[in-house]
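What follows is calculated from the coordinates using simple rules that are stated; it is not laboratory data. Just so it is clear, the model here is predicted, and its values are computed rather than measured. All Cβ positions, even for glycine, are placed from backbone atoms using ideal geometry, and neighbour counts span all protein chains on display.
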Amino acid sequence: MVKTIYADRKWDCEHLLGQFVDESNYDTMLTKDTDVYGPTMDGSKTEDNILVKFRKNVFTKEELELCYEGLIGAATQSQNRGLAAGPRGDILKTQGRGGREWVTPFQIAALEYLTRPENEIVESVSLKEFRRLHESRKAEDETRGYVWLRSKVMSEHDPYFGWFDNWLNRLDNLPRDEQRKEAVYVRDNYISATNYAQSVMSGVAGYYSRYPRIPYGRATSFTEKHPESFAKSFPYLRKLNDQFRELLPVRYSNQRAAADKLDPRFLIDETTFTTLTVNHNFRTACHRDAGDLETGFSNLSALGKGWGGAELILPEYRLAVKLEPGDLLFVANHAAIHGNAPLSGDDPDRMTIVAYFREDMLETKGWEYEQLRKQFVDERRLNEQHKFWKPLWNGVSPDMWDNQEWFDYLESHNIDNPYKKEAKASLENFF
């Protein structure tokens, strides 16, 4: 028996993006087979307004174990999860190592104040007064930032912890020009040049689309290096694909039509999925997913053992889903804000999988053509005689696919350029 819920109201939760949610953000917990529909003018319940299809105990113990064994290696340390990684906290956590301290908003504000040009400094405001004024402001949770270069700081300040406050107190008795000189030195020498997000265990498997720095369709690094492990997930993913076809036939048909436009070597086994996102013990903050086929649908499943909590929360609809190993959740996470409750357990081991069709995979051509693009980039990168070559060059340059160099490369491999009629520049003009 499948329960049906019609969510007749959608709450404004934009302020929660990038923030963690908990039991205060939902009223209803889904624990059994349930379909949830979003509000419409006429109260209809179709695949156009479906929010959730939750099914218990879909996968067998063997399918779960094989899939976990096959994909757990795809989840690696990542700082590219944006809002989903959540607020920065006090420490930039790094896998297998200690953390590094963030440069706090107050520290940034103090350095900006101290390094202002002389004509912008308000002489009547002392550093102590500036600190008092700043501390009265409400701190905002940020998702990205800079970190202190600890080794550099420690080489000149002892003890390390509390060094900034001690340094600031000392500056209060110095002339303005000396304050500015020291603040410029700290700003330029003690802070990382890289803007970080909080580090989480997350990765991708399957196939990926063109990207400015990697301009060719390809297998992900995990899939290329570990094909036998990757294949262990196929029975699990085939069943997921079958459930998709059965439970959401219209959405499945849309995704099947898109998949049929691709070279089948860019699809995962016999499914309509191109790509998997694999997370390990990763509590996501509120976010919306992006990149998946808009006319298809998203899904989520959780594996592992020894964990509890981590319910998926949709705060706009005051709903949560108690997702457990073996369950399958189809969810409109492209449109609906969602995040996880805290993960619990003495030694939790929770892996989640989202299988999807990357919409921009439709920009790729055949497998051989994309492989030739890769080969072209690699040969340019390794050719020290190339006009654009320099140390650490990645082989990519502006408008490279509309230039005679690429056209000649295609012809040398007996392949017609599918964009030749649209090309506006030649290599000679580019140079």
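In order along region 146-151, the Karplus-derived 3J(HN,Hα) couplings, from 6.51 cos²θ - 1.76 cosθ + 1.60 at θ = phi - 60°, round to 10, 10, 6, 7, 4, 4 Hz, and Gly and Pro are given as x.
When each of the peptides 290-300, 161-171, 276-286 is scored by how many other beta carbons lie within 10 Å of its residues on average, the order from highest to lowest is 276-286, 290-300, 161-171.
Could you give the nm distance between label points at residue 161 and residue 62, where each point is 7 Å from its Cα heading toward the beta carbon? Each label point is offset 7 Å from its Cα along the Cβ direction, giving 5.3 nm.
Among the listed pairs 152/387; 261/387; 239/261, give every one whose C-alpha distance is greater than 31 Å. Distance filter (> 31 Å) returns 152/387; 261/387.
Exposure proxy check: 155, 221, 301 ranked by fewest other beta carbons within 10 Å?
Result, fewest neighbours first: 155, 221, 301.
Between residue 381 and residue 335, residue separation times 0.36 nm minus the direct Cα-Cα distance comes to 12.6 nm. Extension gain for the segment residue 41 to residue 1, taken as residue separation times 0.36 nm less the Cα-Cα distance, is 11.7 nm to one decimal. Which of rounded, prolate or oblate describes region 213-295 when judged by the alpha-carbon gyration tensor and an a/c cut-off of 1.5? Taking the square roots of the gyration eigenvalues as a ≥ b ≥ c, region 213-295 is rounded. Within a straight-line Cα-Cα reach of under 18 Å, residue 32 can be paired with the following aspartates and glutamates, leaving aside sequence neighbours fewer than 8 residues apart in one chain: 311, 324, 327.
Where in region 30-64 is the amide nitrogen less than 12 Å from a point lying 7 Å along the Cα-to-Cβ axis of residue 246? The answer is 55-60, whose backbone nitrogens lie closer than 12 Å to the label point. Amide hydrogen proximity for residue 19: with H placed 1.01 Å from N in the peptide plane, the residues at 5 or more positions away or on another chain lying under 5 Å are 286. Residue exposure proxy: 370, 324, ordered by other Cβ atoms within 10 angstrom of their Cβ from fewest to most, comes out as 324, 370. Identify the residues of region 215-235 with backbone N under 14 Å of a label point that sits 7 angstrom from the Cα of residue 69 along the Cα-to-Cβ direction, or state none. Residues 228-235 qualify, since their backbone N sits under 14 Å from the label point.
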